[in-house]
Structures are given as structure tokens and as C-alpha cells.
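The structure under discussion appears below in the form of C-alpha cells.
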Amino acid sequence: MTLVCKNGRSDSLVLEGRLVGDRCVTITVEEGVITQIEPKGSSRALLAPAFVDPHVHLRTPGREDEETIASGTAAAAAGGYCAILAMPNTDPVVDSAPVLRGLLAAARREASVPVGFMAAISRSLAGDQLTDMGELSDAGAAAFTDDGRPVRSAGLMRRALQYGVVTGSKLALHCEEPTLSGDGQVHEGAIAAELGLAGYPSIGESAMVERDLALAAYEERPIHLMHLSARESVEALEAAQARGVEATAEVTPHHLVRTDDAVRSLDPNLKMNPPLRAEEDRRALLDGLRSGVIGAVATDHAPHSREEKQAPFEAAPFGVTGLETSFAALYTHLVVPGLLPLETLLERMSAGPARAFELPEPRLEVGARANLVLLDLETEWTVTEAGFRSRSANSWLLGERLRGSVVQTVADGRIVHG
Amino acid sequence: MKHLISIGDLDREDLERILETARALDGIEGNLPTLAGRFVVTLFYESSTRTSSSFDLAARRLSAGTTSIKASGSSVDKGESLKDTILTLAAYDPSAIVIRHPHIGAPLSVIRYSKAAVVNAGDGKHQHPTQALLDLYVMREAFGSYEGLHVAIVGDVLHSRVARSLIQALGLVRAHVTLVGPPSLLPRGVEGLGCEATSDIEALGSADCIYVLRMQRERMESAYVPSLREYTARWGITPERLRRGQKIMHPGPINRGVEIDSRVADSPDSLILEQVRAGLAVRMAVLHELLAADARVPESAVVA
């Protein structure tokens, strides 16, 4: 796997901040490496290992009007991220080594934060034929996924798992049983019944989670479950982990904070796949994140043009942005009210996702590459359309007041934000 | 009240006031000057006979100027977005825009991009509030009051904006509602709207009013029910399934021989044509409510 960003000189700097637990330290970084950590200073800002986002749509190639490698990694830097993984459902799809090499070359020119690219499991994401996974892996694919759609065929999924022995890469799975999700737009339940929107039932996700866990167990290969949304999925994952299945999972900030109740407003910025579900689902996701059954927070940052998201709810595309609001949203809604310890949140946004994809864990220790984020936990700010580095503004938090902001981000030894 | 998007926008007082205005306007001959000099646009992205014609007529009867735009034959055919169509119409400064659209949430776009009062004449499977208001109007006329009223809504509730609006409206007046239909066409969680749901057609027995929903052929293709024949056999409303005195309603257009037997549709207990007639008065009342500044019944109407 290869993570790349713009070439350039590493920075030397001195950073002062408070660690979780209130100890103030001063960190010296020389040419990108932490050389000294001293117990001194009086800063109120929190210093933590920078974040890792395993699920980002950079929309490049094909929809550079919505996001580019430059704008997406700038958004990541502003959100406190030191590494991100991009999804292959672009146009063309990242299903061949030349496309992947082209993206890696572009990232070396444009990316302000190290970025890795996942490649498709099936050619054109059509679900019929495997991509040349060995070649893609050699070319630097970070992992394999058909994200945006499920791998419909259990047989093809099994072959992909078997082929993992060759690539050594993980499969990241968008779990959706398409004959159950159908043309569903929102969680099937009382809110869908009230609004008349087609329902996408929880079992439309959890049935596929169960299938993929069973296949992973049978083939003894690791899998990563993306953007879990349903209580039943978390239960299935927990049971499988207890049986020894090597499965990791991620959850998005929007699924941790909002429920389908919010969809009553018919705001297209609350439309995403999988949909926001019921309060019991949200609680199960939060419990899973707290206990570690779900080890990673992922934004599923999915930029869409203003034109497309200005359509009526039913006609608007699925997806919301998240890179620039994830920490503040979760800090405000989970940490401040006491639902999630701050150190757990920081772990699930940094080391958790890094481990799930075998990326180096950002660490605050002498000798480590500097991947640091400085956070102001007091500042309140309002999410506005004008405030994004992303090219798109389809945030589920527009107009909302959040607490906590990213003051500075150091990624791979360089100051990339602040 | 600025817009009428959903029955959820109303409280009982609003509903009673609109129906009271409708009663005062019902049967008046000639035009009232209430909205003279005002301009009402009806914008229909889906075919409609009774709704579009009754809104148009309602606006004229209140002396408003009207223009009717249908999606076919307009710039919509040329790929114009809803936003741009609304911005264009808004440039003429209409007092109200009445919209029917296949997509849930479309009326909210009209609110966002114009200053007009917006009336939802049906958005996808979401809401059709003026239909529910006219249905309640007809029920009050037929039963005298909503007190103790039991309405059975029969058929494809899942895909019906009419059913959704009606369930909410009947909830406002505290009527008892039972949904009856194939299990696949009763939305999961629908009891949360304050009604009962069953697939047993026998449940019709205790209802005062049977409200029959239109059964659409395309539902067969998605295998919601095995066949129209099977639907009709189990849930079709025939004289044999009714007891004397039960009133029959249907939002139209009806599929004779599918969801409703011709003998039922044409029986003296059928209120279907009453519903059509009430549509005009109720839509006049809605425009009056939204556009007449003092929102009181015009004196000329009271005199009449």
C-alpha cells in the first residue's frame, strides 16, 4: 500500500499543548520527526495524534467540480487529518493499474495530506468480474472496495476474499442487500411511513453484514465493514468478533449524532446511504464505538454539487460531506454531554482507523514522524457554506453551532493547516 | 399560516376554520372579489384532472388571475431544473404557487426560491393536503360530526399520499382510523401515525366510512401483491363486504372492478361525486386562508 502527498521539505517547529489528562507539554519537531517532548508550557489547547479517515470520496477523476485531490486534502488538513483513504467509485473507476498510477502521480503533485487510494473489487463496480487485484496491489492500492454498491454475488465476494491471500490487502465492504434496500431513501420505520419516502430497512444492511461475516469466517480472511448504520449489524459484528472472525468496522459522525427524525425537514443534506436510522440504532453504534467493537470513525465524506443537492429530497443524490466537521460534531454531541470519553474519541479517529488498514499509527513519542493535531476545545463556531475548503458544501451540519476547532494540523512532518 | 405543504402544518383550529370558510363559499354563484388583482400559478409536473382544474377554477372564482403550467410542453421538457422554473415564475410575483410534483420535498424548493404562498397539490407519495381537507368536509356533511367517527382506509397505503394526509387529518379531529390492505402495502411503523393496521378485510365491519384507495397496476410489477385478480378477490370493495349505511369514498380516478365494484361506486351510499364537488369550495377556502389578509369569511359570502 502507498500513501502519497506533495513532495517538499519537512518542517521544524515547536508545539505547545495540553495532553488528555491535563499535562502541558512542549514538543520539538526537527525535519518532520518528534525529537523532544518536555513537560512545560501553559497552553490550553489540546495536543493529540492527528486523525486518519479511511473513507473519503475525492471525486477525482470525473467530478472535479465537486472535489479534487487538492481541495479534498485541504479539507482533510483543516479537519485535523494526517492521512485519508479515497474511494474508487470515480469516473473512470479505479479498477486498473494505469488509473491508480495516474491518481498517485497527481497526489504527489497536489495532495497536502498523505492519501491512499482504494481500488475496485469488481471491474467497473459491475459486480461480475474481479479486477486485476494483484497488479493493483503492486501498483499501491490501499485496499479493495466496491463502495457505493455492494458486491451482490456471494460467489464473487468469496473469490475476492480468497484472492486476498495474493494481494495481502483487506476488503472494505459496503453492506447492502439490493433486493431489500430497493429504491429505499430513508430508514424503514415510522418516519418513512409518515413521509411516504421509500424505506430502506435495517435488514437491508444487516443481512449483507451477516453474509460477509460468514464468508470471511469461512475463508479466514479479514474484512472491514464500512459505515455501519443498524443495531443488528453491530450485534452481528460483535458476535462474529467473539467467534474470532477478523472483522473491523467504521461508523460515521452523522450516524452517531442524528436519527431519521431529522429527515422530517426533507433537507437533501440529510440524505445518505446507508440512511440515518432510529434512536436505538444510534445508541447501538455509540455503544459499539465506545466498547471498540467498532474501532474507527470514518466520515464517508461525499461531496455533491450544489445543483444536485438543491433538488427535492427524493431526487437528490445520496451523500454528505464531513472532513471539516467530524471532530467538532462528535466533540459537541458526544464528548461534551458525557456520552463518550474524549480519549476514546481521539483513539477512534486516529489509531483505530490506522490499525484497521495497517497504516502507521500517529504517535506522540520521540522518534515518530510528526502527525499531530492541536485542538481548541472552548471555541464555538457556526458551520456555514462559505467556511469549507472542500469544493462542495453539502454538510448535514449547515447552520449548526459546534464546540471545538482544529487550530493546527501537522501531517507527515509538515504543517498542513494553521 | 403562510403555506400548506402538509396536514402536519395545521392544528385543529386551522382545519375547522378552513372548512368553515369552505361551507360559507360552497354553492355561491358568480365570482367573489376577494383576490382581485392577485395572481395564482398552478404548476403540474404530473397529470391531473380534478385537482388542477379545481385549483384553477377556485382561483378564478376568487377573481385572481391564473396561469396553468404543465411539465409537458414547458421548459421542463428542455431540462430546466425545478429551481430555475421557480425562479422564472417568481419573477412575475405570483401571490400563490400551487404545485404537484412526483418528488417528495418539491414544494419546499418552491418556498425556498419564491416569495409566494405555496400550496402542495401532491408531492410524490408524501402529502396531498387539500384532498384530505375536502374529504373531511364531505365526512362532516355526511355524518354531521367527527365525534365517534370510524373510517377504514382500504388498499395501497404504502404508495398513497392521499392516505398519509387523511390519516393525519382524521387524527386532528380524533376520528378512529383503521388501515386495511395487503401486508406488503401497509408501511412498517404506520401505527405511529395514530391508527390501526390490519390485512383482514373483516375489519371493515365496524367502520362508518370506507375510504377506498386507488390500486395501481405498476405495483403488481414490483410484486407487492401476486396479481390484480388476487387483490380484488381479497380486498376489493363489493356490496357483499359492506353493511347497509356504510358510506363509500374514493379520491379518484377509480378502477372499476379492481379496488371497487361498480355497484358500490354508483350506489346511493357513495360520496365520490360529493368529494369532487367539495374540491372547489375547499380549494377556494385554502386560497382564501393563505392569501386574504384578514383571513375572515368575506361578507358577500356570509350574505349569500
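No lab work stands behind these numbers, since they all come straight from the coordinates. Every value quoted in this text rests on a predicted model; they were computed, and no experiment measured them. For neighbour counting, all protein chains shown are included, and Cβ atoms are generated from backbone atoms with ideal geometry for every residue, glycine included.
Per residue of A:307-319, how many C-beta atoms from partner chains lie within 10 Å of its own C-beta, taken as a mean? Mind dumping the intermediate values first?
On the way: counts 3, 1, 0, 6, 7, 15, 9, 10, 10, 2, 0, 0, 0.
Average per residue, whole number: 5.
By what distance, in whole Å, do the Cα atoms of segment A:287-411 stretch along each of the three principal axes, largest value first?
50, 31, 30 Å, listed from the longest principal axis down.
Which Cα, out of A:Val406, A:Ser350, A:Gly292, lies furthest along the positive dipole direction of the protein assembly as shown (beta carbon charges, K/R +1, D/E -1)?
Going by the Cα projections, it comes out as A:Val406.
Looking only at B:Val225, B:Val157, B:Val110, which one moves most when chain B is put into a Gaussian network model with springs between Cα atoms under 10 Å?
B:Val225
Would you work out the charge dipole size for segment B:130-272 about its Cα centre, treating the Cβ of every Lys and Arg as +1 and the Cβ of every Asp and Glu as -1, and quote it to the nearest 20 debye? Each step should come with its number before you reach the end.
Values: 16 positive and 17 negative charges, 34 e Å.
It works out to roughly 160 debye.
Describe numerically, in nm with one decimal, the distance between label points set 7 Å from Cα along Cα→Cβ at A:Arg23 and at B:Met1.
In this crude label model, A:Arg23 to B:Met1 measures out at 6.5 nm.
Can you pull the one-decimal nm distance between simple spin-label points at B:Arg244 and A:Gln162, each 7 Å off the Cα toward Cβ?
Rounded to a tenth, the inter-label distance reads 7.4 nm.
Given a cut-off of under 8 Å on Cα pairs at least six residues apart, what relative contact order in percent is computed for segment B:130-272? Kindly include the intermediate steps, with their values, before the conclusion.
Values: 250 pairs, mean separation 32.2, N = 143.
Reported as a whole number, the value is 22 percent.
What share of the DSSP beta bridges in chain A is antiparallel, in percent to the nearest 5? Please list the in-between numbers first.
On the way: 29 of 51 bridges.
In chain A, DSSP labels about 55 percent of beta bridges as antiparallel.
Take the alpha-carbon centre of segment B:66-139, take the same for segment B:1-61, and report the distance between them in whole Å.
Cα centroid to Cα centroid, the span is 13 Å.
Loop only by DSSP, 15 or fewer other Cβ within 10 Å of the Cβ. Give me the trypsin sites (Lys or Arg not before Pro) in segment A:5-52 that pass, ordered by residue number. The partial results should precede the final answer.
Working: sites: A:Lys6, A:Arg9, A:Arg18, A:Arg23, A:Lys40, A:Arg44; in loops: A:Lys6, A:Arg9, A:Arg23, A:Lys40, A:Arg44.
Qualifying residues, ordered by number: A:Arg9, A:Arg23, A:Lys40, A:Arg44.
Could you tell me which residue out of A:Gly199, A:His174, A:Tyr163 lies farthest along the dipole of segment A:154-208 toward its positive end? Charges go on the beta carbon: Lys and Arg +1, Asp and Glu -1, centred on the Cα centre.
Of the listed residues, the answer is A:Tyr163.
Given a Förster distance of 22 angstrom, what is the FRET efficiency for B:Ser81 paired with B:Ser184, based on the Cβ-Cβ distance and rounded to 0.05? Walk me through the numbers before you get to the answer.
On the way: r = 34 Å, r/R0 = 1.57.
The computed FRET efficiency comes out at 0.05.
When Lys and Arg each count +1 and Asp and Glu each count -1, what net charge do the other residues less than 12 Å away from A:Leu339, Cβ to Cβ, add up to? It would help to have the intermediate numbers written out before the result.
Numbers: positive: A:Arg282, A:Arg283, A:Arg290; negative: A:Asp287.
After counting each charged neighbour, the total is +2.
Mind listing the Cα extents of segment A:168-258 along all three principal axes, in Å, largest one first?
In descending order, the Cα extents are 45, 28, 22 Å.
Determine the shape class of segment B:130-272: with a ≥ b ≥ c the square roots of the Cα gyration tensor eigenvalues, call it rounded for a/c under 1.5, and otherwise prolate if a/b is greater than b/c, oblate otherwise. Before the final figure, lay out each step's value.
On the way: a/c = 1.64, a/b = 1.22, b/c = 1.34.
Because a/c hits 1.5 or more and a/b fails to exceed b/c, segment B:130-272 counts as oblate.
What is the magnitude of the charge dipole of the protein assembly as shown about its Cα centre, with +1 placed on the Cβ of each Lys and Arg, -1 on the Cβ of each Asp and Glu, and no other charges, expressed in debye to the nearest 20? Walk me through the numbers on the way to the answer.
Working: 73 positive and 94 negative charges, 198 e Å.
Dipole magnitude for the protein assembly as shown comes out near 960 debye.
Can you pull the mean other chain C-beta count within 10 Å for peptide B:102-111?
Working: counts 3, 6, 11, 14, 6, 2, 6, 7, 1, 0.
The per-residue average across the peptide is 6.
Would you please name the trypsin sites (Lys or Arg not before Pro) within segment A:180-248 that are DSSP coil residues with at most 14 other C-beta atoms within 10 Å of their C-beta? Intermediate values should be presented prior to the final figure.
Working: sites: A:Arg211, A:Arg231, A:Arg243; in loops: A:Arg243.
When the trypsin sites (Lys or Arg not before Pro) of segment A:180-248 are filtered for loop state and at most 14 Cβ neighbours within 10 Å, A:Arg243 remain.
What translational diffusion coefficient, in µm²/s and rounded to a whole number, does the Stokes-Einstein relation yield for segment B:70-185 at 20 °C and a viscosity of 1.002 mPa s, taking the hydrodynamic radius as the Kirkwood radius over Cα pairs?
134
Considering Cα pairs under 8 angstrom that are at least six residues apart, work out the relative contact order of chain B and quote it in whole percent. Walk me through the numbers before you get to the answer.
On the way: 568 pairs, mean separation 63.6, N = 304.
Once normalised by length, the contact order is 21 percent.
Give the Kirkwood hydrodynamic radius (Å, one decimal) of chain B, defined as one over the mean of 1/r across all pairs of different Cα atoms.
On the way: mean 1/r = 0.0504 Å⁻¹.
This gives a value of 19.8 Å.
Which loop-located trypsin sites (Lys or Arg not before Pro) does segment B:130-192 contain, where loop means any DSSP state but H, G, I, E or B and the Cβ has at most 15 other Cβ atoms within 10 Å? Before the final figure, lay out the partial values.
On the way: sites: B:Arg140, B:Arg161, B:Arg164, B:Arg174, B:Arg188; in loops: B:Arg174, B:Arg188.
Sparse-neighbourhood loop trypsin sites (Lys or Arg not before Pro): B:Arg174.
If you average the sequence gap of Cα pairs under 8 Å that are 6 or more apart and divide by the length of chain A, what percent do you get for the contact order? Before the final figure, lay out each step's value.
Values: 1055 pairs, mean separation 84.1, N = 418.
Reported as a whole number, the value is 20 percent.
What FRET efficiency comes out for A:Glu246 versus B:Ala90 if R0 is 60 angstrom and r is the Cβ-Cβ distance? Round to the nearest 0.05. Don't skip to the answer; put the middle values down first.
Numbers: r = 58 Å, r/R0 = 0.96.
In this case the efficiency is close to 0.55.
Bin width 10 Å, alpha-carbon pairs only: give the P(r) of segment A:191-310 as whole percents, running from 0 to the bin holding the largest distance.
In whole percents, the pair-distance histogram is 13, 43, 31, 12, 2.
Using a simple spin-label model with points 7 Å from Cα along the Cα→Cβ vector, what separation in nm is obtained for B:Glu147 and B:Glu230?
Rounded to a tenth, the inter-label distance reads 4.6 nm.
Starting from the Cα gyration tensor of the protein assembly as shown, multiply each eigenvalue by 5, take the square root, and state the resulting semi-axes largest first in whole Å. Spell out each step's value before the answer.
Working: eigenvalues 594, 167, 100 Å².
Computed over the protein assembly as shown, the values are 54, 29, 22 Å.
Quick one, can you get me the convex hull of the C-alpha atoms of segment A:100-141 expressed as volume per residue in Å³?
Working: hull volume 2.7 nm³, N = 42.
Considering the Cα atoms of segment A:100-141, their hull volume per residue is 65 Å³.
I'd like the Kirkwood hydrodynamic radius of chain A, using the inverse of the mean 1/r over distinct C-alpha pairs, in Å.
Numbers: mean 1/r = 0.0470 Å⁻¹.
Taking every pair of different Cα atoms in chain A, averaging 1/r and inverting gives 21.3 Å.
Compute the projected area of the convex hull of the Cα atoms of segment A:93-191, averaged over all viewing directions, and report it in nm² to one decimal place.
Details: hull surface 31.9 nm².
That works out to 8.0 nm².
Taking the Cα centre of segment A:50-360 as origin, sum charge times position over the Cβ atoms of Lys and Arg (+1) and Asp and Glu (-1), and report the length of that vector in debye to the nearest 20. Could you put the intermediate results ahead of the total?
Working: 26 positive and 44 negative charges, 100 e Å.
In debye, rounded to 20, segment A:50-360 gives about 480.
Select from B:Gly155, B:Gly144, B:Gly205 the residue whose mean-square fluctuation is largest in a Gaussian network model of chain B (Cα-Cα springs shorter than 10 Å).
Among B:Gly155, B:Gly144, B:Gly205, the largest mean-square fluctuation in the Gaussian network model of chain B belongs to B:Gly144.
For a quick size check, give me the Cα extents of segment A:235-362 along its three principal axes, largest first, whole Å.
Extents along the principal axes: 44, 30, 30 Å.
Averaged across A:178-188, how many Cβ atoms of other chains sit within 10 Å of each residue's Cβ atom? Write out the running numbers ahead of the final one.
Details: counts 0, 0, 0, 0, 1, 1, 0, 2, 1, 1, 3.
Rounded to a whole number, the mean comes out at 1.
To make sure I understand, if each residue's beta carbon is the centre and we count other beta carbons within 10 Å, what order do A:Glu176, A:Glu308 fall in, fewest to most?
Values: A:Glu176 21, A:Glu308 17.
Neighbour counts put them in this order, fewest first: A:Glu308, A:Glu176.
What residue among A:Pro312, A:Pro360, B:Leu133 has its Cα farthest toward the positive end of the dipole of the protein assembly as shown, where the charges are +1 on Lys, Arg and -1 on Asp, Glu, each on the Cβ?
Ranked along the dipole, the leading option is B:Leu133.
Please report the antiparallel percentage of the DSSP beta bridges confined to the protein assembly as shown, to the nearest 5.
Beta bridges within the protein assembly as shown, antiparallel portion: roughly 35 percent.
So which residue, out of A:Cys24, A:Cys82, A:Cys175, gets the largest mean-square fluctuation from a GNM of chain A using Cα contacts under 10 Å as springs?
Residue with maximal mean-square fluctuation among A:Cys24, A:Cys82, A:Cys175: A:Cys24.
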